[in-house]
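Worksheet: the structure to be examined is printed underneath.
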There are 2 protein chains.
Amino acid sequence: MSVKQIVLAARPSGMPDASVFRTENVELPPLQAGQVHIRGLYFSVDPYMRGRMNDAPSYIPPFQLNAPIEGAVVAEVLESQVMGYNPGDLITGGLLPWAMEAIVSAEAIKPIDTQSIPPSYYLGVLGSAGVTAYCGLVIIGRPKAGETVVVSGAAGAVGLVVGQIAKIMGCRVIGIAGSEEKIRQLKTEFGFDEAINYKTTPDMGAALAKACPKGIDIYFDNVGGTTTDAVFPLLNFQARVPVCGQISSYNDTATPPGPRILPQVVKRSILIQGFLVRYMKEYHAEAALHLTQWLKENKLKFAETVVEGFDRLPEAWLGLFSGQNMGKMIVKA
Amino acid sequence: MSVKQIVLAARPSGMPDASVFRTENVELPPLQAGQVHIRGLYFSVDPYMRGRMNDAPSYIPPFQLNAPIEGAVVAEVLESQVMGYNPGDLITGGLLPWAMEAIVSAEAIKPIDTQSIPPSYYLGVLGSAGVTAYCGLVIIGRPKAGETVVVSGAAGAVGLVVGQIAKIMGCRVIGIAGSEEKIRQLKTEFGFDEAINYKTTPDMGAALAKACPKGIDIYFDNVGGTTTDAVFPLLNFQARVPVCGQISSYNDTATPPGPRILPQVVKRSILIQGFLVRYMKEYHAEAALHLTQWLKENKLKFAETVVEGFDRLPEAWLGLFSGQNMGKMIVKA
């Protein structure tokens with residue numbers, strides 16, 4: 001049986017375009033013991049995938065040329081040679097192929113409960129985005145009621161959750177995002193105290209200083225670059241900076257120089273911690289528990305930007321770099 | 001009775017010179033209850049004092065113009081109106097005036113045991129330098145046997161202790177310092193595996209890569225600037241960077257731009273922690289216990305650069321910024 005998949009056609013240099021992907025048809029191998037045959041329903045597109053397109057040593061091996069892109073997927077089981085998985089079950093996995101159907105091993109998947117949770121949430125608020133937000137903000141950032149939290153990429157899947165958790169914990173929350181519509185939603189739908197449009201604000205330092213009269217205690221950084229440059233001078237003594245992403249630099253061929261931050265780090269005893277949620281496994285259960293509870297209590301809302309059509313995976317992924325998504329960008333097959 | 005003291009005569013801009021200090025004679029006030037009359041024996045000069053010369057908000061108030069410089073001092077009690085302190089006792093305090101004699105309150109001092117420890121060590125290896133080295137390396141850096149530790153300012157009071165503790169803990173240790181004599185001593189006297197002279201090494205990145213074939217797990221930074229720029233690309237996954245000082249920038253009037261480090265921080269889950277030993281009080285007793293033990297067991301050696309004469313305090317302090325000291329710079333009155 002022949003199925004469509006999307007492979008890495010070429011390693012990009014700088015900003016990628018659609019030519020790095022190729023759609024092709026492949027024959028599925030026969031199903032063997034320990035495997036399930038799945039059909040993809042929802043596919044996650046994530047900025048971190050840019051790093052895997054480079055042929056460089058990293059915490060996770062690079063994508064192979066001419067092999068399918070891998071990422072988080074929610075899928076339906078069509079056939080199963082694994083006890084406990086039956087046709088019709090919904091599953092998720094973090095490293096499943098961009099393929100309309102696939103044969104995968106039992107170790108690559110886990111069942112999901114869709115009784116009260118929309119299936120696609122397992123790619124977002126209950127997937128790595130939500131768990132990343134929790135681990136970065138709560139475990140690394142250690143927010144205390146009354147503190148001021150700034151989050152860049154605030155309208156993204158992670159940022160949206162970070163801001164809401166910070167509010168739940170009693171903090172003043174300022175989001176940075178890139179469109180008036182995002183700014184509006186952050187303030188009216190998601191409870192941010194202030195939100196600043198970095199694309200239209202001429203002096204980010206002044207705008208942040210005005211929004212943060214008591215300085216900044218936690219800066220959750222998804223973006224980096226000049227946005228982060230504007231935040232650093234406002235960090236308080238013993239501020240914490242969980243560094244989740246640096247999307248502004250992922251397509252740089254050379255990193256341009258910027259303000260030196262270590263003099264401020266030492267003067268103000270600042271903590272900076274780059275982190276990957278996969279290396280914080282000891283907190284995943286705690287994160288999932290709290291996130292699920294907050295969702296059920298309506299204290300936490302989520303947003304998704306759903307692109308329809310498997311073939312549009314490349315387009316959706318490329319759209320992340322121009323901020324096309326409010327919340328989690330997802331492709332529905 | 002008239003005594004000599006050294007006051008801040010002017011706030012420096014950029015690199016200070018002797019004109020920021022003034023020596024003057026003052027009358028000591030009468031000794032009151034709760035006070036002791038001390039005579040300074042050993043005075044500590046420290047890079048961090050540069051920050052207190054600026055009239056800027058900080059973790060510690062700025063020095064007052066026309067008031068004595070304050071710092072760590074070992075002194076002898078001449079007269080006492082405090083139970084438990086008697087003439088002839090040796091004491092130390094972290095915020096005592098640069099004065100040949102002074103009247104100070106009991107809260108500002110503590111007794112020292114000089115049975116087996118030279119008194120001046122309380123300004124160095126058993127003072128804030130040693131405790132800083134311990135807290136930064138052991139508590140923040142969490143060294144594991146077999147890891148590679150790089151320390152900048154390796155021949156300074158803090159760096160010398162950092163490198164030796166790292167050796168005690170089974171690490172490979174590379175020091176960065178600024179003279180051939182320092183390099184020689186680090187390797188032959190203090191057990192560093194390698195030492196690199198940043199003043200004569202044309203390509204620090206290449207020299208570090210050669211000295212650290214397995215990359216760098218902990219970078220203890222006292223210096224910052226281009227030295228640190230060379231270290232960052234070699235940091236391993238989950239590397240730790242305790243930032244103790246940035247002496248290369250203390251006299252900058254504007255911080256020049258440098259390589260952006262956050263893209264590396266996120267890619268390699270790096271921890272950067274600026275710290276001040278005064279805010280890690282819960283570890284001071286543990287640090288003192290280990291440092292004293294290691295000294296007694298001869299596992300830890302120390303070095304001092306002793307400048308003789310109270311009047312030479314300004315000269316000794318200025319000498320820190322051109323690396324005149326091997327180990328702790330001290331003035332013996």
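The values are calculated or read from the model by the stated rules, or taken from the named source; none is laboratory data. Not measured: the values here are computed from a predicted model. Glycine gets a Cβ as well: all are built from the backbone with ideal geometry, and neighbour counts include every protein chain shown. The accessibility values were calculated without ligands, DNA or RNA, using every heavy atom of the protein model including side chains. Shrake-Rupley method; radii C 1.70, N 1.55, O 1.52, S 1.80 Å.
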Please state which of the following conditions A:Ala10 fails to meet, knowing it meets all the rest: (1) in contact with a strand residue (DSSP E or B) (Cβ under 7 Å, 6 or more places away or on another chain); (2) at pLDDT 95 or above. (1)
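Is there a residue being closer than 30 Å to A:Asp252 by Cα and open to solvent by less than 30 Å² (accessible area, probe 1.4 Å) anywhere in the range B:278-290?
No, the range B:278-290 contains no residue that is closer than 30 Å to A:Asp252 by Cα and open to solvent by less than 30 Å² (accessible area, probe 1.4 Å).
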Of the residues that make up the range B:30-37, is at least one in the same structural domain as B:Val307 (by TED's automatic domain parsing) and closer than 22 Å to B:Leu126 by Cβ? yes
Look at B:Pro233 and say whether it is assigned to a helix (DSSP H, G or I) and open to solvent by 60 Å² or more (accessible area, probe 1.4 Å). yes
Would you be able to tell me the number of residues in the range B:245-255 that are more than 7 Å from chain A (Cβ to nearest Cβ) and either open to solvent by 30 Å² or more (accessible area, probe 1.4 Å) or without any contact (Cβ under 8 Å) to a residue 60 or more places away in the chain (or both)? 6
Odd one out for A:Phe192, checked against (1) outside any loop (DSSP other than H, G, I, E, B); (2) surrounded by 23 or more Cβ atoms within 10 Å (Cβ to Cβ): (1)
Restricting to strands (runs of 3 or more DSSP E) lying wholly in the range A:262-333: which have 2 or more residues that are within 14 Å of chain B (Cβ to nearest Cβ) and of a type outside the set (Gly, Ala, Ser)? A:271-274
Among B:Ala239, B:Ala287, which is touching a residue at least 24 places away in the same chain (Cβ under 8 Å), closer than 30 Å to A:Ala56 by Cβ and of a type in the set (A, V, I, L, M, F, W, C)? B:Ala239
Could you identify the single residue in A:Lys301, A:Lys214, A:Lys210, A:Lys267 that is more than 23 Å from the chain's Cα centre (by Cα), surrounded by 15 or more Cβ atoms within 10 Å (Cβ to Cβ), charged (D, E, K, R) and on the phi < 0 side of the Ramachandran plot? A:Lys267
Which listed residue, of B:Ile140, B:Ile174, is in contact with a strand residue (DSSP E or B) (Cβ under 8 Å, 6 or more places away or on another chain) and surrounded by 24 or more Cβ atoms within 10 Å (Cβ to Cβ): B:Ile174
Hey, does the range A:38-47 have a residue that's modelled with pLDDT of 95 or more and in contact with a Pro (Cβ under 8 Å, 6 or more places away or on another chain)? yes
What number of residues within the range A:247-261 are within 16 Å of B:Phe232 (Cβ to Cβ) and not in a loop (DSSP other than H, G, I, E, B)? 2
I'd like to check something: does the range A:240-253 contain any residue that is over 18 Å from A:Tyr48 (Cα atoms) and touching a strand residue (DSSP E or B) at 6+ places or on another chain (Cβ under 6 Å)? yes
